[in-house]
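The values are calculated or read from the model by the stated rules, or taken from the named source; none is laboratory data. Quantities reported herein were computed from a predicted structural model and do not represent experimental measurements. Every residue, glycine among them, receives a Cβ derived from its backbone with ideal geometry; neighbour counts consider all protein chains shown. Quick note on the areas: whole protein, heavy atoms, side chains included, nothing else; ligands and nucleic acids left out. Shrake-Rupley method; radii C 1.70, N 1.55, O 1.52, S 1.80 Å.
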Amino acid sequence: MSEPERPTARRPYVGRFAPSPTGPLHEGSLVAALASWLDARAHGGRWLIRIEDVDGPRCPPGADAVVLSQLAQVRLLPDAPPVWQSRRGAAYQAALDRLVAAGWAYPCGCSRKDIAEAIAARGEQRERHGELVYPGTCRHGLHGKPARAWRLRSTATVDGDDPLRIDWLDRRLGAQSQDLTDEVGDFVLRRADGLWAYQLAVVVDDGWQGVTDVVRGEDLADNTPRQIRLQVLLDLPTPRYLHTPLVLGDNGEKLSKQNGARALDLGDPLAALRRAGARLGLPALEARTMPEWLEHAVSAWAVRQG
Ligand code: GLU
């Protein structure tokens, strides 16, 4: 079953850059930041920064300040003070309570081992990005186990097992589709260690901040159907999505802090902007200063987006 189209009233453009401060920005994250900033400016919109520090243990103290100062050095300045997700727990709890009350979210008592065993017992092995697709063991009750995590039912209806397919449109990638039930399964909203899951936090905050346009790296595209599902269930509008090309390192792998991508070299901030612009497919632009380069880049971006 597919989600019916929901009417989306035109809202004033609000974009955002939402870094997880697990370390300083690297070249790939500057590309995503610049793309979201350019798109906001090209639409005459507002641009926000949200520090996605829900996974506290992975965020070293002070990394958020480093990220903000790196953005300031390349003149990517937000139109409102940044928001920290670590201060938004009450809003995430309210959203979870609402999903529980409606029957969409349920407590799960399974450990990783329980999940692996349940899957093995069914004689099927379903994995996605190295994660086992949850077999739905606790969907109908905890069977005496203590609650560990909270999950969202990925099915079409709250009391049935019919699969749900989510169709969505990406401004660069075009028509996309994912069978949420089979490919993703019932996904985590609050983890066993008490931390809020990215999927819930991002949806609650994009809704709260009035974000109309999400522009981010293509590695995140695959999360979009989960986020659209949560928007529907929480009565939040679905933003437009644009996933930008990934920046690959010399080894052909995606640049990320995990694979040791170098921190952004801001010795010459204008040169860093030029490199990020080139990765977004912008032509070489005549400019002697950063404000001049950014102004020309906005025009070039607007032309390219049509
Ligand atoms: N915090 C996420 C990251 O740094 C990005 C979230 C998003 O843009 O939706 O990968």
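Only DSSP H runs of four or more residues enter the estimate; each adds -39500 (n - 2.57), and after division by the residues of the chain the mean residue ellipticity at 222 nm equals -10000 deg cm²/dmol. Within the chain, DSSP assigns beta bridges of which about 55% are antiparallel (rounded to the nearest 5). Its alpha carbons give the chain an Rg and a Dmax of 20.3, 68 Å. Please find the FRET efficiency linking residue 114 to residue 288, where r is the Cβ-Cβ separation and R0 is fixed at 45 Å, and quote it to the nearest 0.05. With R0 = 45 Å, the Cβ-Cβ based efficiency is 0.15. Label-to-label distance, residue 101 versus residue 58, with points set 7 angstrom from Cα along the beta-carbon direction: 3.1 nm. Excluding the sites themselves, what is the longest stretch of the chain that contains no trypsin sites (Lys or Arg not before Pro) in a DSSP loop with at most 11 other C-beta atoms within 10 Å? Longest gap between qualifying sites, sites excluded: 123-261. Averaging the sequence gap over all C-alpha pairs within less than 8 Å and six or more residues apart, then dividing by the number of residues, gives the chain a relative contact order of 24 percent.
Note that the chain presents 47 Å² accessible area per residue, ligands and nucleic acids not counted, probe 1.4 Å. Heavy-atom accessible surface of residue 131, to the nearest 10 Å², is about 100 Å², with a 1.4 Å probe and all protein chains retained.
Residues whose amide H lies under 5 Å from that of residue 170, counting only those 5 or more places away or on a different chain, are 175, 176; hydrogens are built 1.01 Å from N in the peptide plane. In this structure, the amide hydrogen of residue 151, modeled 1.01 Å from its nitrogen in the peptide plane, lies closer than 5 angstrom to those of 106, 108, 189, counting only residues at least 5 positions away or on a different chain.
Between residue 16 and 48, 215, the built amide H atoms are under 5 Å apart, and every one of these is 5 or more places off in sequence or on another chain.
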